[in-house]
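Please treat every number below as a calculation from the coordinates, not as lab data. Keep in mind that what you see is a predicted model, and the values were worked out from it rather than measured. When we count neighbours, we look across all protein chains shown, and the Cβ atoms used for this are built from the backbone with ideal geometry, even at glycine.
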Amino acid sequence: MATFVLIHGGGSTAWDWHRVSPLFESAGHHVVAVDLPIEDARSGLEEYVSVVTAAVGDRRDVIVVGHSLGGFTAPLVRDALQAEGLVYLAGMIPSPGEAFVDWWTNTGHHLEDVDADPAVTFFDDVPAALADGARSRGRDQKGEWMSSPWPGERHHPATTRAILATGDRFFPAPFMRRHISDRLGIEPIEIPGGHYAPLSQPNAVAAALLHFAGEITAQRDA
């Protein structure tokens, strides 16, 4: 039995995971998904990590999943909890000392042809009712931390996976393949869907994460 700790992306909420969470629970796993204090400009990554770790409590066999901007928080949570695994889902993978504001040019994302319409970039494959639900719950992402060096020290490729969505129009698949290779040196797991795959492709997201949980269990029992 694993505990999936699900971290939402920028300007978003834990609601983004509401189609994925029941799939984990029906398979006998625990789920922890919380709203990070992103609207408080004084809250930084340390506060984000504290909110998540407090919600996890003493649950064990943890796999941390960071979606999009959640990639800046997820590895710090993994280290704080000494979690068994980390997954970037359409996630930004930071380098030690790299600020969020510099990530875009450091990775070459600024050269990508990204549609200026959020409805296209983020929600093109999300059913209309779900896209409306996500937009209605959107929050103002703030934080001085975004211009400060990322405090993480290293990556752990052996216990890390990266999932890209092949139809992602914000982080296009070719860009993400390069990004994952450059930052982690591993091959991505590819699933259908766009940037908000937890809403548009919950079964594919859950299947990839459950497979990873199975790998961890097999290694632990070997």
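Is region 120-222 best put as rounded, prolate or oblate by its Cα gyration tensor, with a ≥ b ≥ c the root eigenvalues, rounded for a/c under 1.5, and otherwise prolate when a/b is larger than b/c, oblate when not? Oblate.
Rounded, prolate or oblate: pick one for region 11-127, where a ≥ b ≥ c are the square roots of the eigenvalues of its C-alpha gyration tensor, a/c under 1.5 means rounded, and failing that, prolate if a/b is larger than b/c, else oblate. Don't skip to the answer; put the middle values down first.
Values: a/c = 1.84, a/b = 1.29, b/c = 1.42.
It comes out oblate by the Cα gyration axes.
Among residues other than Val126 with Cβ under 11 Å from its Cβ, the summed charge is -2 (Lys and Arg +1, Asp and Glu -1). For Asp35, neighbours were defined as the other residues whose beta-carbon sits under 11 Å from its Cβ, and their charges (Lys and Arg +1, Asp and Glu -1) total 0. What separates the Cα centres of region 104-171 and region 54-77 is a distance of 17 Å. Amide H contacts of Val5: Val32, Ile63, Val64, Val65, each under 5 Å away and 5 or more positions distant or on a separate chain (H built 1.01 Å from N in the peptide plane; Pro and chain starts excluded). Simple rule: put +1 on each Lys or Arg Cβ and -1 on each Asp or Glu Cβ in region 86-193, find the dipole, and look at Ile189, Thr159, His109; the Cα lying farthest toward the positive end is Thr159. Calculation over all alpha carbon pairs of the chain in 5 angstrom steps from 0 returns a P(r) of 1, 7, 15, 21, 22, 19, 11, 3, 1, 0 percent.
Comparing Gly194, Gly57, Gly71 in a Gaussian network model of the chain, where Cα atoms under 10 Å apart are tied by springs, the biggest mean-square fluctuation is seen for Gly57. Name the most mobile residue of Gly70, Gly85, Gly44, meaning the one with the largest mean-square fluctuation, in a Gaussian network model of the chain with Cα contacts below 10 Å. Of Gly70, Gly85, Gly44, the most mobile in the Gaussian network model is Gly44. Maximal additional length on extending the Met1-Arg42 stretch stands at 11.2 nm, based on 0.36 nm per residue less the C-alpha distance.
Give me the net charge for the shell around Leu199: Cβ to Cβ below 10 angstrom, other residues only, Lys and Arg +1, Asp and Glu -1. Before the final figure, lay out the partial values.
Working: positive: Arg19; negative: Asp16, Asp125.
Here the charged neighbours net out to -1.
In order along region 55-72, phi translates into HN-Hα couplings of 5, 6, x, 9, 4, 10, 6, 8, 10, 9, 10, x, 9, 6, 4, x, x, 7 Hz, rounded to whole numbers, per the Karplus curve 6.51 cos²θ - 1.76 cosθ + 1.60 with θ = phi - 60° and x for Gly and Pro. Taking springs between alpha-carbon atoms closer than 10 angstrom, which of Leu210, Leu89, Leu69 fluctuates most in the Gaussian network model of the chain? Largest GNM mean-square fluctuation: Leu210. Per residue, the average separation of C-alpha pairs within less than 8 Å and at least 6 apart gives the chain a relative contact order of 24 percent. Of the trypsin sites (Lys or Arg not before Pro) found in region 30-132, those in coil by DSSP whose Cβ has at most 11 other Cβ atoms within 10 Å are Arg42.
The residues His18, His29, when put in order of fewest to most other Cβ atoms within 10 Å, stand as His18, His29. Between Glu190 and His110, the contour length at 0.36 nm per residue exceeds the alpha carbon distance by 26.5 nm.
Measuring r between the beta carbons of Arg139 and Ala222 and using R0 = 45 Å, the FRET efficiency lands at 0.55. Its Cα centre serving as origin, the chain has a Cβ charge dipole (Lys and Arg +1, Asp and Glu -1) of approximately 320 debye. Report the one residue of Gln141, Thr3, Ala33 whose Cα lies farthest in the direction of the positive end of the charge dipole of region 3-221 (charges on C-beta: Lys and Arg +1, Asp and Glu -1; origin at the Cα centre). Going by the Cα projections, it comes out as Thr3.
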